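Written out below as structure tokens is the structure these notes cover.
Each reported figure results from applying straightforward, stated rules to the coordinates on display, with no laboratory input. In this text, all values refer to a predicted model and were calculated from it rather than measured experimentally. Please note: Cβ atoms are built from the backbone with ideal geometry, for glycine as well, and neighbour counts cover all protein chains shown.
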Amino acid sequence: MPTGPSEFPKNRPGANHDAIAGNFRGEARNGLKGTPCRTFGSDFLVGVTLGIKEEAFYYPDGMIVCEPVGGGDRFRDQPVVILEVLSQSTRRNDEVQKLRDKLRDYFTLPSLQVYLLAESDEVVVWCGGCGDSGRKSP
């Protein structure tokens with residue numbers, strides 16, 4: 001168990017990151033009442049088939065799934081919405097993985113309608129699958 005801030009991993013997301021992901025799940029859950037859709041957080045995997053015998057698995061910060069999910073399930077391969085939060089502390093990983101690899105792989109999923117990238121340090125959301133430029137800010 002870490003005894004102070006110097007012992008915590010440096011590349012972990014901060015409070016803004018967690019708040020954005022939590023707000024997404026909460027607001028989505030409220031809007032999905034009465035539908036078969038459910039929200040999931042970063043403990044639930046997305047599986048992406050990349051080839052005949054190749055798969056990738058990712059932990060998005062949030063997602064919406066509209067198919068039945070069993071209590072013991074650990075991943076889904078048919079999300080309709082995926083959220084990824086970009087953070088200063090994880091910027092290097094985010095730029096490679098979330099903006100290149102995951103973007104490419106996620107859009108091979110036939111079910112995916114929307115891919116959201118939210119900045120944690122400013123009020124900006126990029127929405128893939130939302131038409132026009134996709135960049136949204138207040």
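Before moving on, here are some points about what is shown:
- Residue list for the stretch 103-122, filter: in a helix (DSSP H, G or I) and crowded, with 21+ Cβ neighbours inside 10 Å: Y106
- Looking at L45, L83, just one residue is free of Cβ contacts under 8 Å to residues at least 40 places away in the same chain, aliphatic (A, V, I, L, M) and surrounded by 12 or more Cβ atoms within 10 Å (Cβ to Cβ), and that residue is L45.
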